[in-house]
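The values are calculated or read from the model by the stated rules, or taken from the named source; none is laboratory data. Everything numeric in this text was worked out from a predicted model, so none of it was measured. Positions of Cβ are generated from backbone atoms using ideal geometry, with glycine treated the same way; all protein chains shown enter the neighbour counts.
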Amino acid sequence: MEGLTPAEAAIDLRGQCLRRARFAGRSLPDAVLFECDLRRADFRGADLRGASLLGADLRGADLGGVFAPACDLRRADLRKANLRGARLDGADLAGADLRGADLRGAVARAGDLSRADLRGADLRELDIRGTDCVQIRLDERTRL
């Protein structure tokens, strides 16, 4: 994935195995990455606005500081992912698995976290004003 340039938009990689891929700082607006294997991928500071990661496997991925407004992360597996400082305004995380994820300082206003599993996640300083949080799952390990 190192050959991608910031000018490449609306890239379609659906269903691909991209484990440990390096997308840090890349501009990937409207990218189609649904059902991709993105375990341990590096998206630090990437632009994922409007991208589709529906059902993607992002276990252990680094999405720290990612800019991803209106991103589709429905049913994505984000267990133990780093989302510190991520901008997720209007993002759809309905049914996402965020167990053990680090969302400290992330902003996810006016989005959807309904049915998301946040057990054991670090939610300190997470801004979810106006976000749908119906039936989210928390436990005693979730840090608020």
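Within this structure, ARG39 fails the test of being assigned to a loop (DSSP other than H, G, I, E, B), in contact with a strand residue (DSSP E or B) (Cβ under 6 Å, 6 or more places away or on another chain) and surrounded by fewer than 17 Cβ atoms within 10 Å (Cβ to Cβ). You will find that of LEU33, LEU38, LEU98, LEU53, the residue that is on the phi < 0 side of the Ramachandran plot and either in contact (Cβ under 8 Å) with a residue 24 or more places away in the chain or in contact with a Ser or Thr (Cβ under 9 Å, 6 or more places away or on another chain) (or both) is LEU33 and no other. Of the residues making up the stretch 42-72, those that are part of a loop (DSSP other than H, G, I, E, B) and crowded, with 22+ Cβ neighbours inside 10 Å number 12. Checking LEU118, LEU58 one by one, the residue that is farther than 24 Å from SER27 by Cα, touching a strand residue (DSSP E or B) at 6+ places or on another chain (Cβ under 9 Å) and at pLDDT 95 or above is LEU118 and no other. Hey, can you tell me all the residues within the stretch 123-142 that are outside any loop (DSSP other than H, G, I, E, B) and either over 18 Å from ASP89 (Cα atoms) or among the small types (Gly, Ala, Ser) (or both)? Correct list: ARG137 only.
One residue stands out in the stretch 96-144 among those that are more than 16 Å from VAL66 (Cβ to Cβ) and acidic (Asp, Glu): the one that is surrounded by the fewest Cβ atoms within 10 Å (Cβ to Cβ), namely GLU140.
Checking ARG75, ARG87 one by one, the residue that is free of Cβ contacts under 8 Å to residues at least 24 places away in the same chain and either under 22 Å from GLY25 (Cα atoms) or surrounded by 21 or more Cβ atoms within 10 Å (Cβ to Cβ) (or both) is ARG87 and no other. If you go through the stretch 104-122 and keep only what is part of a strand (DSSP E or B) and of a type outside the set (Val, Ile, Thr), you end up with ASP112, ASP117, ASP122.
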